[in-house]
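Single-structure report; data block below.
Each value in this text was obtained by applying a stated rule to the coordinates, not by laboratory testing. Just so we're clear, the structure is a prediction, and the values are computed from it rather than from any experiment. Note: ideal-geometry Cβ built from the backbone for every residue, glycine included; neighbour counts use all protein chains shown.
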Amino acid sequence: MSLSDGDLAAKLAEEAGKILLSVRGCGLFGGKALGKAGDQTANQFLCHALREQRPDDGLLSEEEKDNAERLSRSRVWIVDPVDGTREYGEERADWAVHVGLAVDGVPALGAVALPGAGLVLRSDQPGEIPPAPERLRMVVSRTRPAREATSVAETIGAELVPMGSAGAKAMAIVLGQADIYLHSGGQYEWDSCAPAAVALGWGLHVSRIDGSPLVYNQQDVYMPDLLICRKEHAEMVLREVAALV
């Protein structure tokens, strides 16, 4: 089977989502055991498929032991089999599957599956984002909203929208269900590579919260912060973040 990068990313995300729903629906696991079973099963599928389909590319997965060999590769697939393991284990819908491709450190292509909603969003097949409402909406963690996000939301009069996984939050902006995703609590490359690629493909602003670009396939995969929003809101949000320092 010969697939384009975009078709491969979308198929992998979609099929991993089906696997995860099947594992969750079998009734044999619950709570943390469900999260672990889902993570490991989906990870095996994604990693085996990528090594079969793209043997010359690098690979970074949350659930795999890191391999420094990826640092010498121009093209590196960065995947998160279950973004939002807690939400997945609690049988919520706000979790995602991430399949991203970084090329020379840039989030060049990606697919994010939202299995609970039956959606796969692709960077290479953008759609039209609905207009923003008069009062902007900012997605935040449902358990620990970041201080910077709540402060900026208060300053600009935005409504806070609690949500689970990073992918679900980012795709809420793409789908027009929210307008700003400002995260400052720390993530890892697999948390944002595919969502960043999709957001960029759909014409959104994507950066660090100081306005600098996101860079992937680094030796240290920790990423401190992230901003995804409509381009017309980026300057305002970045200005308010800078004022907090």
Alpha-carbon centroids, the stretch 112-130 and the stretch 2-73: separation in whole Å
18
Please list, in order along the stretch 79-86, the HN-Hα scalar couplings obtained from phi with the Karplus expression 6.51 cos²θ - 1.76 cosθ + 1.60 (θ = phi - 60°), rounded to whole Hz, x for Gly and Pro.
10, 10, x, 9, 8, x, 4, 4
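How charged is the neighbourhood of Ala10? Take every other residue with its Cβ under 12 Å from the Cβ of Ala10, and add Lys/Arg as +1 and Asp/Glu as -1. Can you show the working numbers first?
Working: positive: Lys11, Arg122; negative: Asp5, Asp7, Glu14, Glu15, Asp124.
Net charge around Ala10: -3.
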Could you tally the net charge around Val215, taking each other residue with its Cβ under 10 Å from the Cβ of Val215, Lys/Arg +1 and Asp/Glu -1?
-1
Just check the stretch 129-190 against the gyration tensor rule for me: Cα atoms, a ≥ b ≥ c as the square roots of the eigenvalues, rounded for a/c under 1.5, and otherwise prolate or oblate depending on whether a/b exceeds b/c.
oblate
Partner lysines for Lys18 [C-alpha distance under 23 Å; skip if fewer than 8 residues away on the same chain]:
Lys32, Lys36, Lys169
Tell me the relative contact order for the stretch 178-245 as a rounded percent, counting alpha carbon contacts under 8 Å between residues six or more apart.
44
Going by the alpha-carbon gyration tensor, a ≥ b ≥ c the square roots of its eigenvalues, is the stretch 25-140 rounded (a/c under 1.5) or, if a/c is not under 1.5, prolate (a/b greater than b/c) versus oblate?
oblate
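Explain nothing, just the number: relative contact order of the stretch 105-214, from Cα pairs under 8 Å at least 6 residues apart, as a whole percent.
Values: 173 pairs, mean separation 38.9, N = 110.
That works out to 35 percent.
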Separation of the stretch 204-245 and the stretch 158-202 by C-alpha centroid, Å?
11
Counting Lys and Arg as +1 and Asp and Glu as -1 over every other residue whose Cβ sits under 9 Å from the Cβ of Leu60, the net charge comes to -3
